[in-house]
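The values are calculated or read from the model by the stated rules, or taken from the named source; none is laboratory data. Because the structure is predicted, anything quoted here is derived from the model rather than measured. No Cβ is skipped: glycine too gets one built from the backbone with ideal geometry, and neighbour counts run over all protein chains shown.
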Amino acid sequence: MRTVIVSIVAASLAFAFADAATAGWRATHRPQQDDLEYRYPYATPRQLQNERAYQRGEYWEHDSNALILGTRAWFEQKERERGN
């Protein structure tokens, strides 16, 4: 009987510590869908807004200066501006 009680207490403590360890990680990390600010810390709010709109398929400014340098939207816009 003692063995059963000791194993239940040990399992519950292990679960409690594991949950507490991951709770801090969840609180400090951002959601995956809005990691643009993390990936492009140099981007202005206007550029971030246009990139999000481009990714969602909504209207975005068709100006390469209003897009984040190096993104797919930026490359496509530069091709349009060059006339290719």
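List of remarks:
- Contacts under 7 angstrom Cβ, first residue in segment 69-84 being surrounded by fewer than 13 Cβ atoms within 10 Å (Cβ to Cβ), partner part of a helix (DSSP H, G or I), 6 or more apart: Glu81/Ser64
- Segments classed as helices (runs of 4 or more DSSP H), wholly inside the chain, with at least 1 members that are of a type in the set (Val, Ile, Thr) and at pLDDT below 95: 2-28
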